[in-house]
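Q: Sharing a structure with you now.
The values are calculated or read from the model by the stated rules, or taken from the named source; none is laboratory data. Treat the numbers as computed from the prediction; the structure is a model and nothing was measured. Side chains are part of the model used for accessible areas, which takes the heavy atoms of the whole protein and leaves out ligands, DNA and RNA. Shrake-Rupley method; radii C 1.70, N 1.55, O 1.52, S 1.80 Å.
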Amino acid sequence: MKATVRTERFYDIEIGGVMKKGWQEVSRWNGFQELERKGEKLIVVTDDHGLMFEIFGVVVGESKDSELKVVSASPSLHEWLRSEVKA
């Protein structure tokens, strides 16, 4: 019997006190991540390079919060993103 495994990564993102859950990682390249949720898209980058934690953190039952910098976003996310901008 041949078996295959596919890893899918999902994230919950909070901006300005508003949590949007269920962001799926669509792709990753050169430190950027493309995330998608309900037809909305975000391209983000993080300074956190915790690849080893990503691999082993789930195994030991820990989660890790990271700060993201939004590089690009769907227009429908404008108000949500603006809530983080300081006037």
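One line per residue, one yes/no per condition, for (1) at pLDDT 85 or above; (2) assigned to a strand (DSSP E or B); (3) of a type outside the set (A, V, I, L, M):
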position: Arg6; (1), (2), (3): no, no, yes
position: Ile43; (1), (2), (3): yes, yes, no
position: Met52; (1), (2), (3): no, no, no
position: Val58; (1), (2), (3): no, no, no
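Q: In the stretch 13-35, which residues are among the basic types (Lys, Arg) and modelled with pLDDT of 90 or more?
A: Hits for the stretch 13-35 are Lys20, Lys21.
Q: Determine which single condition Lys69 fails, assuming it passes every other condition in (1) modelled with pLDDT of 90 or more; (2) assigned to a strand (DSSP E or B); (3) open to solvent by 70 Å² or more (accessible area, probe 1.4 Å).
A: (1)
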